[in-house]
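The values are calculated or read from the model by the stated rules, or taken from the named source; none is laboratory data. Keep in mind the model is a prediction, meaning the values are calculated, not measured. Cβ atoms come from the backbone with ideal geometry, glycine included; neighbour counts cover every protein chain shown. These area figures cover heavy atoms from the full protein model, side chains too; ligands, DNA and RNA do not enter into them. Shrake-Rupley method; radii C 1.70, N 1.55, O 1.52, S 1.80 Å.
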Amino acid sequence: MLRKTAVLAALAALVLGAQTAEAQVEPGGWTSDSPGFNVQQKGCGTVNNLTFTLSCSSSSGEQRAERRYTTYTGGTHQFEGSFRIVSMGGSRISLKQTFRDGGSAGPFFLMAVERGGRLYSVEGGATIASGATVGTTVRVNTVNQVGKTHRTYINGSLKNTVNSASGSYYDKFGAYRTASGQGPITVVWSGVQFWKK
């Protein structure tokens with residue numbers, strides 16, 4: 001009887017473990033993905049594991065502390081991660097980006113934060129969410145269905161949808177000074193996961 005109970009407990013743990021590996025939004029058909037990444041540090045930007053810091057208040061030059069993940073082409077790709085702003089003396093800092101790769105394609109989706117906690121899309125300035133204040137943990141999911149749509153979820157709720165052209169893309173997150181922004185900022189990311197289908 002004890003052995004049967006132990007086997008059942010082990011099976012239950014496996015099932016629970018599988019459930020926690022499931023994508024947080026748009027469930028169904030996802031496969032875990034483990035893309036590689038490069039660390040990007042420029043200007044006053046520094047990266048220490050999942051802590052990203054812009055230590056200066058410069059409003060010019062490239063100030064960057066990010067992870068840049070491997071390029072993908074086609075299919076549907078989901079990113080998930082949570083960020084917590086530890087300190088923020090600046091404003092208008094990009095935290096999560098989806099880039100189109102190749103040629104002069106450049107930024108496709110940039111989500112930035114203003115002092116006071118407003119999250120917004122850099123392209124057009126539309127508000128995505130509020131409440132990203134110092135000390136608050138915010139979960140971000142982006143789902144890029146290449147050739148169709150790119151969707152952004154904040155704490156599990158759909159907040160932004162834009163068209164996604166065909167082509168190659170990659171994910172970035174960390175802290176990056178936008179053209180109208182400046183540091184300083186320190187932000188810690190956690191729970192970073194990727195899926196595809």
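Just reorder MET88, MET111 by solvent-accessible area, largest first, 1.4 Å probe, all chains present.
MET88, MET111
Using amide H atoms built in the peptide plane, which far-off residues or other-chain residues are under 5 Å from GLN63 H to H?
ARG177
Could you run the Karplus curve 6.51 cos²θ - 1.76 cosθ + 1.60 with θ = phi - 60° over the range 133-141 and give me ³J(HN,Hα) per residue in whole Hz, x for Gly and Pro?
8, 4, x, 8, 8, 10, 8, 10, 10
Can you tell me the orientation of helix 2-20 relative to the chain, as the angle in degrees between its alpha-carbon axis and the longest Cα principal axis, to the nearest 10?
30 degrees
Out of these labelled values of Cα extents along the principal axes in Å, (i) 58, 45, 37; (ii) 69, 37, 29; (iii) 47, 34, 33, which was calculated from the coordinates shown here?
Here Cα extents along the principal axes in Å agrees with entry (ii).
Full-extension gain between LYS197 and SER60, please, as 0.36 nm times their residue separation minus the C-alpha to C-alpha distance.
45.3 nm
List every residue whose amide H lies under 5 Å from the amide H of SER168, counting only residues 5 or more places away in sequence or on a different chain, with H placed 1.01 Å from N in the peptide plane.
So SER168 has HN proximity to ASP101.
Quick check: the distance between the Cα centres of the range 124-197 and the range 25-98, to the nearest angstrom?
The range 124-197 and the range 25-98 have Cα centres separated by 9 Å.
In Å², and per residue, what accessible area does the chain have when probed at 1.4 Å with the other protein chains present?
So the chain comes to 47 Å² accessible per residue, rounded to a whole number.
Report, by chain and number, residues whose modeled amide H sits under 5 Å from the one on LEU95, excluding near sequence neighbours (fewer than 5 apart, same chain).
Sorted by chain and number, the residues that satisfy this are MET111, ALA112, VAL113.
Find which of SER87, SER58, GLY74 sits farthest along the positive direction of the dipole of the range 39-124, computed with +1 on the beta-carbon of Lys and Arg, -1 on that of Asp and Glu, about the Cα centre.
Sorting the options by dipole projection puts first SER87.
For ASP33, ASP171, what's the largest-to-smallest order of accessible area, 1.4 Å probe? Walk me through the numbers on the way to the answer.
On the way: ASP33 45, ASP171 10 Å².
The most accessible residue leads, giving ASP33, ASP171.
Residues with beta-carbon under 9 Å from that of TYR170, excluding TYR170: net charge, scoring Lys, Arg +1 and Asp, Glu -1?
+1
Enumerate lysine pairs in the range 39-197 that are 8 or more residues apart or on different chains, then count those whose Cα atoms are under 21 Å apart.
Summing the qualifying lysine pairs gives 14.
Quick one: net charge around VAL39, please, counting Lys, Arg +1 and Asp, Glu -1 for every other residue with C-beta under 12 Å from its C-beta.
Surrounding charge for VAL39 is +4.
Given Cα pairs under 8 Å that are at least 6 residues apart, what percent is the relative contact order of the chain?
Working: 496 pairs, mean separation 61.4, N = 197.
Relative contact order comes out at 31 percent.
Treating only the Cβ atoms of Lys and Arg (+1) and Asp and Glu (-1) as charged, compute the dipole magnitude of the chain about its Cα centre; round to the nearest 20 debye.
180 debye
Please list 3J(HN,Hα) in residue order for the range 78-92, calculated via the Karplus relation 6.51 cos²θ - 1.76 cosθ + 1.60 where θ = phi - 60°; whole Hz, with x for glycine and proline.
For the range 78-92, the Karplus-derived couplings read 10, 10, 9, x, 10, 10, 9, 7, 7, 8, 8, x, x, 6, 6 Hz, x marking Gly and Pro.
When the helix-only estimate is applied to the chain (DSSP H runs of n ≥ 4, each -39,500 (n - 2.57), divided by the residue count), what is the mean residue ellipticity at 222 nm, nearest 500 deg cm²/dmol? Intermediate values should be presented prior to the final figure.
Numbers: 1 runs with 19 residues, N = 197.
Calculated at 222 nm, the ellipticity per residue is -3500 deg cm²/dmol.
Each residue of the range 164-174 in turn: what ³J(HN,Hα) in whole Hz from Karplus with 6.51, -1.76, 1.60 and θ = phi - 60°, glycine and Pro shown as x?
With coefficients 6.51, -1.76 and 1.60, one gets 10, 6, 5, x, 10, 9, 8, 9, 9, 8, x Hz.
If each of ASN163 and ALA126 carries a label point 7 Å out from its Cα toward its Cβ, how far apart are those two points in nm?
Result for the modelled spin labels: 1.3 nm.
If I compute solvent accessible area with a 1.4 Å probe over the protein chains, what percent of it on the range 103-197 is carbon and sulfur?
48 percent
What is the distance, in nm, between label points placed 7 Å from the Cα along the Cα-to-Cβ direction at THR46 and at SER32?
Reported label-point gap for THR46 and SER32 is 3.3 nm.
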